[in-house]
Structure formats: C-alpha cells, structure tokens
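Derivation of every value follows stated rules applied to the coordinates shown; laboratory data play no part. Here the structure is a predicted model, which means the values were calculated and not measured. Every residue, glycine as well, gets a Cβ built from its backbone with ideal geometry; the counts of neighbours run over all protein chains shown.
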Amino acid sequence: MVDYSETELGKATDYTDQYDATLLQPIPRSKARQHHTTGTLPFVGVDVWTAYEISWLNLQGLPQVAIGEFVFPCTSAAIIESKSFKLYLNSFIQSSFANKQQVVGLLEKDLSNACGAVVEVALYEMSEYAGFSSIGEPKGVCLDHRAVMIDCYHPDHTFLDSDADHAVSELLYSHLLKTNCPVTDQPDWASIYIDYQGPKIDRDGLLKYLVSYRQHQDFHEQCVEQIFSDILSVCGPSQLSVYARYMRRGGLDINPFRSTSDLIPPRLRQVRQ
C-alpha cells in the first residue's frame, strides 16, 4: 500500500470561500507508478475532470455558475489530490472577478503550476454544456450480463486471455468497475471502455478481471494505468485505448484515458454522471 498520509484525505477540514491557490495539493505520479510502471510509459493520454459545482461573484456581487472541464496530460509530474481540488474550487465562491475569462486564466495557471504541465480549462454555461453533453453509450458490447462465476475481488491479470488466430477491432465495456480510495477506503464507481484492435480478447476473462478490482485500493488514474498495462502485456493488441468514467464525488468526476495512439478520448458522458 502506498502511503498517502500527507494528504488531507480523511482529516478534519477548514473551508474557505476566498480564492486561495495554496489549497492545491499535488501528488507525484511516480509515487504510484513505481510499483507498476518502469521506464518509458507504454501509453499516452489525459485525465479529464468535470466539475459541476463552480461559482464566483461578478463585480456587482451577483453569483455566477459554470460547469468546468479540466484536461491534465498523463505525462504531468503530479496529479492533484481530489479533496484539495474541491477545496480550491470552493475558495472561488465569495471572490469577485471581472469576467469568466479571468477565472479561466487563474484556473489554468494554478493547476498547471501544481501538476507541472499545461492544463486545459473550459468553463461552460448551463445551456452551452447541455448542448453537447448528451448522455449515452458508444456502439460496442457490454460485458455485464455474461454467465460467469466470480470469486476474486483483488486484481488478477491471469483472468486475461486472447485468441491469436482471430484478429478483431471492437469496443468492449462494463459498468461494474469499482475501486476504493487508497486513504479513506470510500468506494469509487466507474464505467470502463476498452477499444482495441488485435487478437480477440476473451470476454469472460476480461469481465472477471475488471470485477477483480472490486476491493482494490488505489487512485482512479493508477487503476486505469494498471488495467491498460495488463491488457497490453497479456493480450497483445496492436492498438488499445482504456477509458474509465468515474462517478462524481463532491461535485467532481475523474475520467482517466490511456491509449497507444490517441491523445484525447471521445466525448462521452455516461448515464450515471
């Protein structure tokens, strides 16, 4: 178990409603990756965060609200600890800004400085966001109703297998991914999408593998990276993308995307989000 006792997770919290960039708490990605990934990263990708509870005051004192999207490159030196991110966003609530662009500028500067890479930020009006964030599922095969026996709830890559004699291109997905916070042990729920080309992956084995994370403790980003790396090394696809859409907590959802080739994930909003 990686020690994250230096974070604010699970501790009593003082809330501030005045803008404070020092609330952001970075966690080095290398701290988690040292147990799973060595040398050159086998993937590219991003972490897409959605914030549904963003507000500030305009210069007349009128509250403004927005939905925010934040795109963190997976090559950043650090991730942002999620509780600190929520506290940071809350610090805007009673702070006054001239316009939305000023808020975006502060968010981009503070988050980029904290994680060590350029973070892309977009703030959307309610009607604007509703116009392109339709809820649905991509065309693919859901694994969740397969007749499999499950008795393992800790990650086990030996469930994975593929058929080298049958090459396919397909999207497989499951809504049964559940992991736990490595500090508080709170449950984290997600839908996960596996888009690949190459030897046909055994669907029963893949479902059993994904369910085996049910009692696993780790951050969202690291769980997805482990899933990606296991599928890549065991099943040998020529192309692979793994995208997890986690459910929100405290007004934030975290959606890690890792791929052999695609830098940005498809636009998707899962029904539980």
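Among Leu57, Ala244, Leu89, whose Cα projects farthest towards the positive end of the dipole of the chain, with charges put on the beta-carbon of Lys, Arg (+1) and Asp, Glu (-1)?
Going by the Cα projections, it comes out as Leu57.
Let me check I've understood the local charge: for Asp20, count other residues with C-beta under 12 angstrom from its C-beta, Lys and Arg +1, Asp and Glu -1. What total comes out?
Value of the local net charge: -3.
What does the charge count near Arg269 come to, summing +1 for each Lys or Arg and -1 for each Asp or Glu among other residues with Cβ under 15 Å from its Cβ?
Net charge in that neighbourhood comes out at 0.
If you take every residue apart from Glu128 with its C-beta less than 12 Å away from the C-beta of Glu128, what net charge results, scoring Lys and Arg +1 and Asp and Glu -1? Write down the numbers at each step before the final one.
Values: positive: Lys100; negative: Glu69, Glu125.
Counting the neighbours of Glu128, the net charge comes to -1.
Got a sec to turn the phi values of the stretch 76-83 into Karplus ³J(HN,Hα) couplings, 6.51 cos²θ - 1.76 cosθ + 1.60 with θ = phi - 60°, whole Hz, x for Gly and Pro?
Each residue of the stretch 76-83 in turn: 4, 5, 9, 9, 9, 4, 5, 5 Hz.
With +1 on each Lys and Arg Cβ and -1 on each Asp and Glu Cβ, and nothing else charged, work out how big the dipole of the chain is about its Cα centre, in Debye to the nearest 20.
260
For mean projected area of the Cα convex hull in nm², the listed values are (1) 14.7; (2) 20.8; (3) 16.9; which was obtained by calculation from the structure presented?
Checked against the structure: label (1).
Give the calculated FRET efficiency between Ser55 and His145 to the nearest 0.05, with a Förster radius of 41 Å applied to their Cβ-Cβ distance.
0.50
Put +1 on the Cβ of each Lys and Arg and -1 on the Cβ of each Asp and Glu in the chain; which of Gln215, Ile80, Val48 then has its Cα farthest toward the positive end of the dipole?
Toward the positive end, the furthest listed residue is Val48.
Is there a quick way to get the dipole size of the stretch 141-259? I mean about its Cα centre, with the Cβ of Lys and Arg at +1 and of Asp and Glu at -1; what is the value in debye to the nearest 20?
360
In nm, what is the difference between 0.36 nm times the number of residues separating Gln186 and Leu62 and their Cα-Cα distance? It would help to have the intermediate numbers written out before the result.
Values: separation 124, 0.36 × 124 = 44.64 nm, distance 3.58 nm.
The span from Gln186 to Leu62 would gain 41.1 nm if fully extended.
For n ≥ 4 DSSP H runs only, could you compute -39500 (n - 2.57) per run for the chain, divide by its residues and tell me the 222 nm figure to the nearest 500?
-6500 deg cm²/dmol
Among rounded, prolate and oblate, which fits the stretch 141-259 when a ≥ b ≥ c are the square roots of the eigenvalues of its C-alpha gyration tensor, a/c under 1.5 means rounded, and a/b larger than b/c means prolate?
Prolate.
Sort the stretch 206-273 into rounded, prolate or oblate with this rule: let a ≥ b ≥ c be the square roots of the eigenvalues of the Cα gyration tensor; rounded if a/c is under 1.5, and if a/c is not under 1.5, prolate when a/b is larger than b/c, oblate otherwise.
Numbers: a/c = 2.05, a/b = 1.27, b/c = 1.61.
The shape class here is oblate.
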